[in-house]
Amino acid sequence: MPGLVPGIHDFLRWPRETWMAGTSPAMTETASHRPIESLSLQLNGVEMLADLSGALYWEAERLLIVSDLHLEKGSSFAMRGVLLPPYDTVATLGRLGAVIARYDPRTVIALGDSFHDRDAHGRLSDGNRDIIAALQARRDWIWISGNHDPALPSDLGGVVASEVAIGTIVLRHEPTGAAGEIAGHLHPKARVLTRGRGIERRCFASDGERVVMPAFGAYAGGLNIRDSAFARLFHSLDFIAHVLGDHRLHAIAASRCC
């Protein structure tokens, strides 16, 4: 998806140590005072937890789901002459490591576009490869191929699949609107008015039958849930945006967003 996530200019001003930890100054301050919050989300009769990080956790299956990591997007931009701080991959992996530590899942599924382009995995530093290997240790790991990374290599650990079905739930990269579907690709974000100004944040989009997940990557962009791409999936505004706030998630009717 085009563009940088709203608020990226603030993100770029954070010190390098913050990037390495994968948190914002505000997140670091609140982490010592309150737990990361989550919201229960029903999908085709299955209960899951939408996590403040942007991950989805299926407790009954001990399954953690993330989408659109877009690793090495910074280096991809650099190759085109757009210079950004080169810490997006380690920041994303740091956040992923934190949510894995929180839930200790048996399985992790990355829902496609884990890498920003076809050659991004080749630009991974040895240190970041070691981080990925450590995250994969003692658990099953599935890379679902996406439009940015349709041919994932076999030397990254885990297995590669085009989609995964577990009971009535299907996990894939590009959403089709099918019941029981968990997908990514669209990078949903919601814009809400508060105190006279508009704020845009990443969100889960769900109507109880299907979920479109927010992008997890530090540099991933976003698409407003009022875009026609979401109308084709949900057929109306009768769905909920589970918006990632500073300290907790907010369940907001899509019809209230702008």
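For residue 208, indicate whether it is surrounded by fewer than 16 Cβ atoms within 10 Å (Cβ to Cβ), closer than 18 Å to residue 92 by Cα, out of contact with any Ser or Thr (no Cβ under 9 Å at 6 or more places or on another chain) and touching a residue at least 12 places away in the same chain (Cβ under 8 Å).
no
Could you tell me which of the residues 138, 129, 191 is at negative phi and loosely packed, with under 15 Cβ neighbours inside 10 Å?
Result of the check over 138, 129, 191: 129.
Provide a single number: the residues in segment 213-244 that are more than 22 Å from residue 113 (Cα to Cα) and of a type in the set (Lys, Arg).
Selection size over segment 213-244: 1.
Take residue 235 and decide whether it is surrounded by fewer than 17 Cβ atoms within 10 Å (Cβ to Cβ) and out of contact with any Lys or Arg (no Cβ under 6 Å at 6 or more places or on another chain).
Judged against the criteria, residue 235 is a match.
Test each condition in (1) surrounded by fewer than 19 Cβ atoms within 10 Å (Cβ to Cβ); (2) in contact (Cβ under 8 Å) with a residue 40 or more places away in the chain for residue 224 and report the one that comes out false.
The one condition residue 224 does not meet is (2).
Taking residue 181 and the conditions (1) in contact with a helix residue (DSSP H, G or I) (Cβ under 8 Å, 6 or more places away or on another chain); (2) at pLDDT 95 or above, which numbered condition does it fall short on, given that it satisfies the others?
(1)
Going through 211, 192 one at a time, which residue ends up being under 23 Å from residue 96 (Cβ atoms), hydrophobic (A, V, I, L, M, F, W, C) and assigned to a strand (DSSP E or B)?
Unique residue meeting the criteria: 211.
Is segment 102-122 home to any residue that is aliphatic (A, V, I, L, M) and closer than 28 Å to residue 238 by Cβ?
Looking for residues that are aliphatic (A, V, I, L, M) and closer than 28 Å to residue 238 by Cβ, one finds at least one in segment 102-122, hence yes.
Restricting to segment 54-72, what's the tally of residues that are crowded, with 24+ Cβ neighbours inside 10 Å and among the hydroxyl-bearing types (Ser, Thr, Tyr)?
Counting residues in segment 54-72 that are crowded, with 24+ Cβ neighbours inside 10 Å and among the hydroxyl-bearing types (Ser, Thr, Tyr) gives 1.
For segment 135-168, which residues satisfy the criterion of being of a type in the set (Gly, Ala, Ser) and not in a loop (DSSP other than H, G, I, E, B)?
161, 165
Looking at segment 112-125, which of its residues are in a loop (DSSP other than H, G, I, E, B) and either in contact with a Pro (Cβ under 8 Å, 6 or more places away or on another chain) or farther than 14 Å from residue 151 by Cα (or both)?
Selection gives 118, 124, 125.
Determine which single condition residue 128 fails, assuming it passes every other condition in (1) part of a loop (DSSP other than H, G, I, E, B); (2) at pLDDT 75 or above; (3) farther than 27 Å from residue 49 by Cβ; (4) not basic (Lys, Arg).
(1)
The values are calculated or read from the model by the stated rules, or taken from the named source; none is laboratory data. Everything quoted here is computed from the prediction, not taken from an experiment. So basically every Cβ, Gly included, is an ideal-geometry build from the backbone, and we count neighbours across all protein chains shown.
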